[in-house]
C-alpha cells in the first residue's frame with residue numbers, strides 16, 4: 001500500500017460523509033461564494049492560490065472534530081426532547097412507529113440474542129419505563145456491535161445518514177454566521193465601490209457584476225437550506241430509519257417444531 005493510500009485510509013466512509021462533510025460545508029459554501037464574487041482573491045497571484053488550498057486542507061480535521069462535538073451536543077438535547085434515542089423508542093410498547101405484531105417478534109428475537117437480559121412486556125414497561133428503556137438500550141447496543149462491518153451495508157448507510165444530519169444540525173449556527181458574514185462582505189464591498197458616484201442602492205444592485213449576484217443567490221439558498229431543511233425533525237426521521245433498518249436485520253423468531261404428521265410427500269411411520 002502506498003503512502004497516499006495509507007493517508008486516505010485515515011478517514012473511513014463514515015468519517016468522510018458524516019463528520020468531515022458537515023464540518024466542511026459550514027466554511028466551504030461561504031468560501032466558494034466569496035471566490036465567485038471576487039475571483040481575483042486566488043487568480044491574481046499563484047501564491048495566494050496555493051495558500052487558499054493549504055488553508056482548506058488545514059481546516060479539514062478541526063472542522064470535522066467541531067462537527068462531531070457539536071453533533072453530540074445536539075444529540076444530547078434532542079434525546080432530552082424526544083425522551084430517548086429512536087432505537088429504544090421504537091421498541092416501546094407505547095410507541096406506534098412499528099406495528100405491534102412486528103414489535104413483539106423483535107422482542108422475542110432480541111430476548112434470544114441477549115438471554116442475560118429480561119425484556120419487559122407491556123405491563124412491566126408501564127410500571128417502570130426507565131428500567132425498560134435501560135434494557136432496550138443494552139440489547140440495542142449488543143445488536144449494533146453484531147451488525148458492524150461490511151456485511152451490513154444498508155445499516156451502515158442509514159447510520160451515516162443519521163450522523164450527517166445530526167452533525168450538520170450541530171454546525172448550523174456556525175454555518176449561518178459564516179454565510180451572513182460572507183453575504184454582508186459582498187454587499188458592503190459592492191456598496192463601498194459605488195458610493196463615490198452617489199448612485200442609489202437600486203442602481204448599485206442593478207449594475208452589480210453577475211458573479212457577485214450569483215454569489216449572493218448561492219448564499220441565500222444555503223441559508224434557506226439551513227433554516228428549512230436542517231431541522232430536528234430531519235434528524236429524527238434519519239434516526240427512525242436507522243432503527244427500523246437495524247431491527248429489520250434480525251432473523252425471524254424461532255418456531256418450535258410441532259410433533260405430528262410428517263410433511264406431505266414423506267413416509268409416515270405408524271403411531
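Name, by its number, the condition in (1) under 19 Å from the mean Cα position of the chain (by Cα); (2) surrounded by 17 or more Cβ atoms within 10 Å (Cβ to Cβ); (3) over 30 Å from residue 228 (Cβ atoms) that does not hold for residue 170.
(3)
For segment 114-160, which residues satisfy the criterion of being within 20 Å of the chain's Cα centre (by Cα), surrounded by 15 or more Cβ atoms within 10 Å (Cβ to Cβ) and not in a helix (DSSP H, G or I)?
147, 152
Of the conditions (1) surrounded by fewer than 19 Cβ atoms within 10 Å (Cβ to Cβ); (2) free of Cβ contacts under 8 Å to residues at least 24 places away in the same chain; (3) in a loop (DSSP other than H, G, I, E, B), residue 97 fails just one. Which one is it?
(2)
Check every one of the helices (runs of 4 or more DSSP H) wholly within segment 21-88 and list those with 1 or more residues that are modelled with pLDDT of 90 or more and either over 20 Å from residue 177 (Cβ atoms) or touching a helix residue (DSSP H, G or I) at 6+ places or on another chain (Cβ under 9 Å) (or both).
21-37, 60-82
Somewhere in segment 208-222, is a residue surrounded by fewer than 16 Cβ atoms within 10 Å (Cβ to Cβ), assigned to a helix (DSSP H, G or I), under 23 Å from the mean Cα position of the chain (by Cα) and at pLDDT 95 or above?
Yes: one or more hits.
Which one is surrounded by the fewest Cβ atoms within 10 Å (Cβ to Cβ) among residues in segment 230-248 that are out of contact with any helix residue (DSSP H, G or I) (no Cβ under 6 Å at 6 or more places or on another chain) and over 15 Å from residue 165 (Cβ atoms)?
The qualifying residue surrounded by the fewest Cβ atoms within 10 Å (Cβ to Cβ) is 248.
The values are calculated or read from the model by the stated rules, or taken from the named source; none is laboratory data. Note that the structure is a prediction, hence the values are computed from the model and not measured. Reconstructed Cβ throughout: ideal geometry from the backbone, glycine too, with neighbour counts over all protein chains shown.
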